[in-house]
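Written out below as structure tokens is the structure these notes cover.
Here, each number is a calculation from the coordinates, and none is a lab measurement. For clarity, every value in this text was computed on a predicted model and none was experimentally measured. No Cβ is skipped: glycine too gets one built from the backbone with ideal geometry, and neighbour counts run over all protein chains shown.
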Amino acid sequence: MAEKKKTYLVLADKLIECYLGGNLKPGERLPSERELAVQFNVSRTTIREALRTLELNGLIDIRQGGGSYVKAADIQSSKEEIITAVKAENPLVYEMLELRRALEAESSFLAAKRATPADLEKLRIALHNMALSKQDPELGLKADLDFHIGIAEATHNSIFIELIHTLKGHMEETIRATQNHRFKDLSRYGDTIKEHKEIYLAIASGNGDKAKELMEGHITKIRAELVESMIL
């Protein structure tokens, strides 16, 4: 797995060097996956992973059935920063956010229907600890993780609970990564508390549709902020 990851990140670097460093203008199309696979002597799967990494970092636009196009950005001026970001960023963070959006949105819906007073108390404690953690990132990380795991546990669905605990390590990594990016802007600390509080209130009031909507919006928002922070 580590070797495969290294291969497509190196390829992403090469694509930046060959095509995004000024050789193609914004709006121009990159060669097809087949052409790139031949050029770099790699599988089309590796090409797709490299292109997806560039897309997640805001450098290209992948149009289904229409190829990949350079986005309108001053790539040359920040080329070294972009290359470093692509190499350092773990694409699994984005994949986990996709999974979490689906899993936790449904968990929030079920939690709103099934949470007991004890479940709600756990969520309140997690919110309280988040509010105390502005100067303590590790406490904030644990509180955030406890909140999301607490929602899964409040579904009282054994499969959801088992799955969320199986993914706990990956969830911790994604929360750490997103907090590192999100809290570069201190105003977003307050946004985080507010978003979690609103999810809690929807669950506590039994509004499953609202809880689901808020959780989906929360994870979608932090994913967008993560992408934005990587290209600014």
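Figure legend: label point modelled 7 angstrom from the Cα of LYS168 along Cα→Cβ; residues of the stretch 102-146 with amide N under 17 Å from it are 122-123, 126, 139-146. Note on the chain: GNM, Cα springs under 10 Å; of GLU35, GLU213, GLU95, the largest mean-square fluctuation is that of GLU35. Per-residue ellipticity at 222 nm, computed for the chain from helices alone with -39500 (n - 2.57) per DSSP H run of at least four residues, works out to -23500 deg cm²/dmol.
Given the pairs LYS134/LYS194; LYS122/LYS142; LYS184/LYS212; LYS25/LYS221; LYS134/LYS184; LYS134/LYS210, which span a C-alpha to C-alpha distance of over 18 angstrom in this model? Distance filter (> 18 Å) returns LYS184/LYS212; LYS25/LYS221; LYS134/LYS210. Contact order for the chain, expressed relative to its length and based on alpha carbon pairs under 8 Å spaced 6+ residues apart, stands at 22 percent. Basic side chains Lys and Arg get +1 at the Cβ, acidic Asp and Glu get -1 at the Cβ, and with that the dipole of the chain about its Cα centre reaches some 240 debye. Computed on the stretch 159-232, with alpha-carbon pairs under 8 angstrom and 6+ residues apart, the relative contact order is 34 percent.
Here the gap between LYS197 and LEU99, fully extended at 0.36 nm per residue and compared with their Cα-Cα distance, gives a gain of 33.1 nm.
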